[in-house]
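Peer 1: Encoded as C-alpha cells, here's the structure I'll be asking about.
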Amino acid sequence: MTREELIEEAFKAMENSYAPYSNYHVGSALLTKDQQIFWGVNIENASFGATNCAERSAIFAAYSKGYHKEDIEAIAIVSDGDRIAAPCGICRQVLSELLERDTPIYLSNRKEELDITIAKLLPYHFSKEDVLR
Ligand code: THU
C-alpha cells in the first residue's frame with residue numbers, strides 16, 4: 001500500500017468520525033508491516049474529557065489485535081480542518097510510547113500535507129525508560 005493509498009484510507013475512516021460537539025472530523029489509518037489496516041476516528045462525548053482522538057483510536061485498535069510498535073509501517077492522520085491536524089499533546093505522548101521514533105506519520109487536510117515522525121513532534125519525551133529505572 002502506498003502513502004497516498006493510506007492517506008485515502010484515513011479520509012474514508014474520517015466519514016465515521018463522531019464529532020457532534022466540535023464538528024471537527026479526524027480520521028486515521030494505520031498500516032502494519034504485514035499490510036493490515038486499522039482505522040480510527042475521533043469519538044466525542046458530552047463529558048468532553050472522555051473524547052478520544054482519531055490517532056489514538058487507530059493505534060489502540062492495532063495494539064488490541066496484538067500489533068506492537070515494531071510491526072507498524074506508517075500512520076496517516078487527516079482532518080477536514082483549515083490546517084493539517086497536528087496531533088494534540090496527549091496523542092504525541094501516546095504515539096511516543098506506541099510508535100518507533102522514526103515511523104512515518106502522514107498528515108493531510110487535502111490542502112496541505114506534512115510527513116513527519118514522533119521524534120520530530122515530541123523530541124524531549126517522557127518514556128518507559130524514565131519510569132522503569
Ligand atoms: N482531535 C483528533 O482526533 N486528533 C488530533 O490530533 C486533534 C484533535 C479531535 C478531538 C476532538 O474530537 C476534535 O478533534 C476537536 O478537538
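Peer 1: Please state which of the following conditions E15 fails to meet, knowing it meets all the rest: (1) in contact with a strand residue (DSSP E or B) (Cβ under 8 Å, 6 or more places away or on another chain); (2) buried (at least 22 other Cβ atoms within 10 Å of the Cβ).
Peer 2: (2)
Peer 1: Residues N45, N23: which one is within 12 Å of the ligand (Cβ to nearest atom), at positive phi and surrounded by fewer than 20 Cβ atoms within 10 Å (Cβ to Cβ)?
Peer 2: Only one candidate passes the filter, namely N23.
Peer 1: Restricting attention to segment 59-92, and to residues there that are part of a loop (DSSP other than H, G, I, E, B) and open to solvent by less than 20 Å² (accessible area, probe 1.4 Å), which single residue is farthest from A19 (Cα to Cα)? Working first, answer last.
Peer 2: Our first condition is that a residue be part of a loop (DSSP other than H, G, I, E, B); within segment 59-92, this holds for 65-68, 80-88.
Imposing the further condition that a residue be open to solvent by less than 20 Å² (accessible area, probe 1.4 Å) reduces the set to 81, 85, 87.
Values: G81: 13, A85: 15, P87: 16 Å.
In this case the residue turns out to be P87.
Peer 1: Which is touching a Leu at 6+ places or on another chain (Cβ under 9 Å), open to solvent by less than 60 Å² (accessible area, probe 1.4 Å) and either of a type in the set (A, V, I, L, M, F, W, C) or at pLDDT 95 or above (or both), of R56, R3?
Peer 2: Details: R3 fails: touching a Leu at 6+ places or on another chain (Cβ under 9 Å).
When all the criteria are applied, what remains is R56.
Peer 1: If D71 satisfies all but one of (1) closer than 24 Å to E129 by Cα; (2) without any contact (Cβ under 8 Å) to a residue 24 or more places away in the chain, what's the number of the condition it fails?
Peer 2: Only one criterion in (1) closer than 24 Å to E129 by Cα; (2) without any contact (Cβ under 8 Å) to a residue 24 or more places away in the chain is unmet by D71, namely (2).
Peer 1: Can you tell me how many residues in segment 26-42 are among the aliphatic types (A, V, I, L, M), within 12 Å of the ligand (Cβ to nearest atom) and in contact with a Phe, Trp or Tyr (Cβ under 8 Å, 6 or more places away or on another chain)? Full working, then the answer.
Peer 2: So the first thing to find is which residues in segment 26-42 are among the aliphatic types (A, V, I, L, M), and the list is 26, 29-31, 37, 41.
Okay, now just the ones that are also within 12 Å of the ligand (Cβ to nearest atom), so 26, 41.
With in contact with a Phe, Trp or Tyr (Cβ under 8 Å, 6 or more places away or on another chain) added as a condition, the list becomes 41.
Qualifying residue count for the region: 1.
Peer 1: If a residue must be more than 13 Å from the ligand (Cβ to nearest atom) and in a loop (DSSP other than H, G, I, E, B), how many such residues does segment 93-128 contain?
Peer 2: 15
Peer 1: Ok, one more. Among the residues of segment 69-80, are any out of contact with any strand residue (DSSP E or B) (no Cβ under 8 Å at 6 or more places or on another chain) and under 16 Å from T117 (Cα atoms)?
Peer 2: yes
Peer 1: Collect the residues in segment 59-79 that are near the ligand (Cβ under 10 Å from one of its atoms) and more than 10 Å from the chain's Cα centre (by Cα), keeping them in residue-number order.
Peer 2: Across segment 59-79, the qualifying residue is only S79.
Peer 1: Go through segment 26-42 and give me each residue that's part of a loop (DSSP other than H, G, I, E, B) and crowded, with 17+ Cβ neighbours inside 10 Å.
Peer 2: Applying the first criterion (part of a loop (DSSP other than H, G, I, E, B)) to segment 26-42 yields 33-36, 42.
Of everything in segment 26-42, just one residue is part of a loop (DSSP other than H, G, I, E, B) and crowded, with 17+ Cβ neighbours inside 10 Å, namely N42.
The values are calculated or read from the model by the stated rules, or taken from the named source; none is laboratory data. Remember, predicted model here, so these are calculated numbers, not experimental data. Cβ sites come from the backbone with ideal geometry, for glycine too, and all protein chains shown count toward neighbours. Note: accessible area is taken over every heavy atom of the protein model, side chains too, but ligands, DNA and RNA are not part of it. Shrake-Rupley method; radii C 1.70, N 1.55, O 1.52, S 1.80 Å.
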